Amino acid sequence: MDKLPNECKCSKIAVHPEDWDQPGASAKEIWYIHYRFYDPIFEISFPKGKICIYKKGLNKVKTVKEKRLLVRKALQELTSKLQQGYNPITKITIPPPGEEIILPFDTTSRYLPIHNDSKMRSISINIDQNHMNVAKLLAKEIEKKELMPLTDNASVINITLLFPNTAFISALWGAYKKMQGVRGYLTDVRAAIRNITIAAYFLDFLKIPIWNIRRRHIKLCLELCGKLNPKWSNERHNKYRAYLLAIFKQLLAEDAVDTNVVQDILILKKTRRLRKILSEEERDKINAYLLERNYYFWRFVTIFFSSGCRETEMMRLQPSDVNIERREYTTWVLKGREHRQVLRPISQNAILLWKEIIEDCKQITYNKREHIKLENVFLFSKLLKPGLTAIRPDQLGRRWKKYVKDELQINVDFYSLKHLYSDLLSEQFGLQYAQRQNAHDQLSTTKLYAVNEELRLLEKLKGIDIYFASSNNKPD
């Protein structure tokens, strides 16, 4: 095994066919150069090393003599490139220590300027495509490495330990492994950590001990994330801040840090746009079209409209959660790190459809050959029929896009149905009814769903008849 710069290694570079430099070598065979390249950073993706094959131009020539000349030249070039720090995994060259190297940041000292130099006003970062590709590969590799179980033995319990000297990104992943939340929330947290890792790579924060991470490091990472992502917004900044706040709370609980440095990072102002909801004419059009094109999707839309649930909660419903006689059902509120059970009403307009679904669930259990139990059935499975498999809620958005947005050309989101029902409920009975239906803790949250509540309030204020003095009363 040959040692290479940056703690990398490679096997002996070989040529196929093995007798390429011996008399009798055949020019008809496929000639190529091959070796294994080992990089300790990518040991999860390539535990046995990456197999590298080179045959550029070797098989275009026809004679053995010409092939040998090309092979010898290629062997010299490959050996030279590898010794100079070329990495076939990242496709870039990082020279060995002691040689001149162009870092992705323009600074003479790796850490001192950002940490201690009060005279430093800015840093210049070279973000070319090569460095960006490396950063993305590195972020994915670190994620694999940090989340990979230490052993496959089911009887062994692994507990993640976090210390003040744990490296910045490793500490973030260590805290993540101790967090609890719904799958969607945790997926978003992982994506945020990956992007923070990319920013930390360019800023050279990857190996800073978590104890030494200050507010300026987090702010720089967030700022760089914004510059690297063209879709960055104040709302996304606030979400990343919330994820990091939760992570540092965990680190604080583990005594890995002395304070939550994310706490005082400012929440940026968000731009709120009014949610577009369906008109009565559009609702009638969609209702008739779905009833004809896809009955089971129509049934789900009708039930979801008055449910007050999120799509994720509806996909987990089972017959045991529904009480038809009392016209109520229970769901688990799954949002962020919150898990709580809520009792919800079944509205009068949807009771017949609920009864129909429960009967469909019972029909599945009549299959004596498979001995299916009712508690194993989901109300909305494949094709939105009762079944034994829970499906992903994103399928609802795809169906809505197909039938409503594409075929009917009505550009309103599926989730706006919840806003629409909340608004109609608020208009007829008041915000408190909409709040209870949606299981909101705060009335301010319900106001975001009752999109026309402010307009109704404005109209009521216009009709108020209060005068400054009795002499100013309106004439008879």
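Name the residue, out of ALA350, ALA390, that is under 21 Å from TYR329 (Cβ atoms) and part of a loop (DSSP other than H, G, I, E, B). Every option except ALA390 fails the conditions.
Candidates in region 371-387 are the residues that are at pLDDT 90 or above and touching a helix residue (DSSP H, G or I) at 6+ places or on another chain (Cβ under 7 Å); of these, the one that is surrounded by the fewest Cβ atoms within 10 Å (Cβ to Cβ) is LEU383.
Yes or no, residue by residue, for (1) touching a residue at least 40 places away in the same chain (Cβ under 8 Å); (2) surrounded by 18 or more Cβ atoms within 10 Å (Cβ to Cβ); (3) in contact with a Cys (Cβ under 9 Å, 6 or more places away or on another chain):
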residue	(1), (2), (3)
PHE205	no, yes, yes
ILE210	yes, yes, no
ILE218	yes, yes, no
CYS225	no, yes, no
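Within region 353-387, the set of residues being more than 32 Å from the chain's Cα centre (by Cα) and either touching a residue at least 60 places away in the same chain (Cβ under 8 Å) or not in a helix (DSSP H, G or I) (or both) comprises TYR366, ASN367, LYS368, ARG369, GLU370, HIS371, ILE372, LYS373. Scanning region 309-326 for residues that are assigned to a loop (DSSP other than H, G, I, E, B), in contact with a Ser or Thr (Cβ under 8 Å, 6 or more places away or on another chain) and closer than 23 Å to TYR433 by Cβ yields CYS309, LEU317. Among the residues of region 315-322, is there at least one that is surrounded by fewer than 16 Cβ atoms within 10 Å (Cβ to Cβ) and more than 28 Å from ASP188 (Cβ to Cβ)? Yes, some residue in region 315-322 is surrounded by fewer than 16 Cβ atoms within 10 Å (Cβ to Cβ) and more than 28 Å from ASP188 (Cβ to Cβ).
Residues in region 28-42 include at least one that is in a loop (DSSP other than H, G, I, E, B), out of contact with any strand residue (DSSP E or B) (no Cβ under 8 Å at 6 or more places or on another chain) and modelled with pLDDT of 85 or more. In region 139-153, the residues that are within 26 Å of THR90 (Cβ to Cβ) form Cβ pairs under 7 Å with partners that are at pLDDT below 90 and surrounded by 12 or more Cβ atoms within 10 Å (Cβ to Cβ), at six or more places apart or across chains, as follows: GLU141/ILE41; GLU141/PHE42; GLU141/ILE44; GLU141/SER45; LYS144/ILE44; LYS144/SER45; LYS145/ILE44; MET148/ILE44.
Here is a yes/no grid of residues against (1) surrounded by 14 or more Cβ atoms within 10 Å (Cβ to Cβ); (2) of a type in the set (Lys, Arg); (3) touching a helix residue (DSSP H, G or I) at 6+ places or on another chain (Cβ under 9 Å):
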residue	(1), (2), (3)
LYS28	no, yes, no
ILE33	yes, no, yes
PHE46	yes, no, no
LEU58	yes, no, yes
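Considering each residue of region 410-423 in turn, none proves to be closer than 21 Å to VAL342 by Cβ, among the small types (Gly, Ala, Ser) and part of a loop (DSSP other than H, G, I, E, B). Do we find that ARG190 is over 30 Å from ASN452 (Cβ atoms) and surrounded by fewer than 16 Cβ atoms within 10 Å (Cβ to Cβ) in this structure? Spelling it out, ARG190 is indeed over 30 Å from ASN452 (Cβ atoms) and surrounded by fewer than 16 Cβ atoms within 10 Å (Cβ to Cβ).
The set of residues in region 247-262 that are under 17 Å from VAL189 (Cα atoms) and surrounded by fewer than 19 Cβ atoms within 10 Å (Cβ to Cβ) contains only LYS249. For region 308-339, a residue qualifies if it is aliphatic (A, V, I, L, M) and under 16 Å from VAL182 (Cβ atoms), and the qualifying residues are MET314, MET315, LEU317, VAL333, LEU334. Is at least one residue of region 339-360 touching a Cys at 6+ places or on another chain (Cβ under 9 Å) and crowded, with 16+ Cβ neighbours inside 10 Å? Scanning region 339-360 turns up at least one residue that is touching a Cys at 6+ places or on another chain (Cβ under 9 Å) and crowded, with 16+ Cβ neighbours inside 10 Å.
Here ILE51, ILE94 are screened, and the one residue that is surrounded by 14 or more Cβ atoms within 10 Å (Cβ to Cβ), within 30 Å of LEU147 (Cα to Cα) and β-branched (Val, Ile, Thr) is ILE94.
The values are calculated or read from the model by the stated rules, or taken from the named source; none is laboratory data. Values in this document were obtained by computation on a predicted structure and should not be read as measured data. A quick note on method: Cβ atoms are made from the backbone with ideal geometry, for glycine too, and the neighbour counts reach across all protein chains shown.
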